[in-house]
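Beneath this line is the structure, given in structure tokens, with notes to follow.
The values are calculated or read from the model by the stated rules, or taken from the named source; none is laboratory data. Predicted model, so just to flag it, every value in this text is computed and none were measured. Every residue, glycine among them, receives a Cβ derived from its backbone with ideal geometry; neighbour counts consider all protein chains shown. With ligands, DNA and RNA removed, areas are computed over all heavy atoms of the protein, side chains included. Shrake-Rupley method; radii C 1.70, N 1.55, O 1.52, S 1.80 Å.
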Amino acid sequence: PLVTMFLRNRSIIIIFAKLNDLLDQLRYGKVNGGDNNLSAVEELLIWVDAVMSATQSGPIMLVFTHADQVPLSRDQQYVAAEVDRLLQNRGLLSSQRLVRPTNSCQSLFFAVDNTRGMRDPGLRILRATLQRTAEDSEAAKQLVPLPLRLLQDVVGSLCRASGGDASSGAVGISRGAAGATSASAQFRAVDSAAIEKAISNIRQRHCVSSSSALPHIELSDLAELYMACTTRRIRSLSDREFRVYVDFLHLLGAITHFNTPELDSLVVIDCGWLLKAITLIIREPKLHQLPVDKDIRLKHEFTELYQRGLLYPAIVPDLLRGLTDVEQMRIMHVMLQTGFIIPHRFAADQSGFLVPSLLPPVLPDQEQVPDLPYKVYLALYT
């Protein structure tokens, strides 16, 4: 799944599945395939494998919806026993990361009735367990410098559309916390006007009004916010303490930052923007048709992409036409770094990319080309 690139250690991860579909498949052999043609069991196991391979720590919760369609407790217990059996060799149960409902040490999952809202006891149990898990988590107990917390609040305000001053709420909240700490003396020196000016400068550079969300900024923008929040001046973007803040914000999930030469200047503050951009290319056009599909200029390249998993560079501007040239280049670098696309030579004089998730079940016939170096990634469970 694409979202695995945003998973962080110590985050609370919730995996959803439909309880009725699991029961139909496990007890009656009836497969209710979704849009991706995967059965309920296959999809559940794919997500478990993805989460376990992408993270090494942090609570995991299984939430099975449509419980109103499986009202009998013996049916729910049967699903729990079968899921327990399927997960035995996948590392989840032995890792001690699975969070069970507070009212039961037996069930693996939270059963939720979608039709009842907060009147559903299962949803109330899920909410209470989620809150308790968050309060008891390592991340919640970790001591964080107040300027870093302020910087996190201010960065988060940039990706939210607001009709007023985006910085005032963050500054006010963080200053309230500062008054109760022994470290508040340094923190009181923070000039809210400097923070507001930095935010205004960033929005002007990106031509975005205060009422619009800003999905990504430059590393230099983040440095300006850092100096405003910490009252510390830095001479370059390689400043050691500034880089520690950048890495920590990434670990917190406040930003997504790639420490590579091609992407170092990009700071993503809205993961949804990055996912949406990637899915302009990686998708099933029959299920997720876009307006661009109707007037695509390179028909042959379009067919090659979605029938053979071959991405020609010439079609990228058409698929990503809503993005700037710089954004298009960065999206391609992100996809390369995360393995969503792989450099490939179609012929001796023509290069492009393979898209593994779009490859057909049987590899297409291709002309013989010189062998190229390749990497194989394995996720091992012990």
Condition met for Leu249 (over 21 Å from Met332 (Cβ atoms) and under 22 Å from the mean Cα position of the chain (by Cα)): yes
Residue that is more than 26 Å from Pro59 (Cβ to Cβ), in a helix (DSSP H, G or I), out of contact with any strand residue (DSSP E or B) (no Cβ under 8 Å at 6 or more places or on another chain) and modelled with pLDDT of 90 or more, where the choices are Val171, Val154: Val154
Leading residue by the ranking (farthest from Pro121 (Cα to Cα)) among those in region 82-92 that are modelled with pLDDT under 90 and open to solvent by 20 Å² or more (accessible area, probe 1.4 Å): Asn89
Yes/no for Thr65 being modelled with pLDDT under 85 and among the hydroxyl-bearing types (Ser, Thr, Tyr): no
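Hey, among Gln307, Gln350, which residue is over 29 Å from Ala54 (Cα atoms) and either open to solvent by 30 Å² or more (accessible area, probe 1.4 Å) or modelled with pLDDT of 95 or more (or both)?
Testing whether each residue is over 29 Å from Ala54 (Cα atoms) and either open to solvent by 30 Å² or more (accessible area, probe 1.4 Å) or modelled with pLDDT of 95 or more (or both) leaves just Gln350.
Any idea which of Asp247, Asp295, Asp270 is charged (D, E, K, R) and over 24 Å from Leu158 (Cα atoms)?
Just a single option satisfies the conditions, and that option is Asp295.
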Hits in region 174-198 (condition: touching a helix residue (DSSP H, G or I) at 6+ places or on another chain (Cβ under 7 Å) and modelled with pLDDT of 90 or more): Ala194, Ile195, Ala198
Criterion: open to solvent by less than 70 Å² (accessible area, probe 1.4 Å), within 30 Å of Phe248 (Cβ to Cβ) and in a helix (DSSP H, G or I) - qualifying residue of Val51, Val41, Val79, Val63: Val51
Where a residue in region 294-306 is within 20 Å of Ser357 (Cα to Cα) and its partner, wherever it lies, is open to solvent by 40 Å² or more (accessible area, probe 1.4 Å) and not in a helix (DSSP H, G or I), with Cβ under 8 Å and at least six apart: Tyr306/Glu284
Hits in region 283-300 (condition: open to solvent by less than 40 Å² (accessible area, probe 1.4 Å) and charged (D, E, K, R)): Arg283, Asp293
First in region 311-329 and in contact (Cβ under 8 Å) with a residue 24 or more places away in the chain, second anywhere and in a helix (DSSP H, G or I) and not aliphatic (A, V, I, L, M), Cβ under 7 Å, 6 or more apart: Tyr312/Glu301; Tyr312/Glu304; Val316/Gln328; Leu320/Gln328
Test: residue in region 100-118 that is assigned to a helix (DSSP H, G or I), modelled with pLDDT under 90 and not β-branched (Val, Ile, Thr): yes
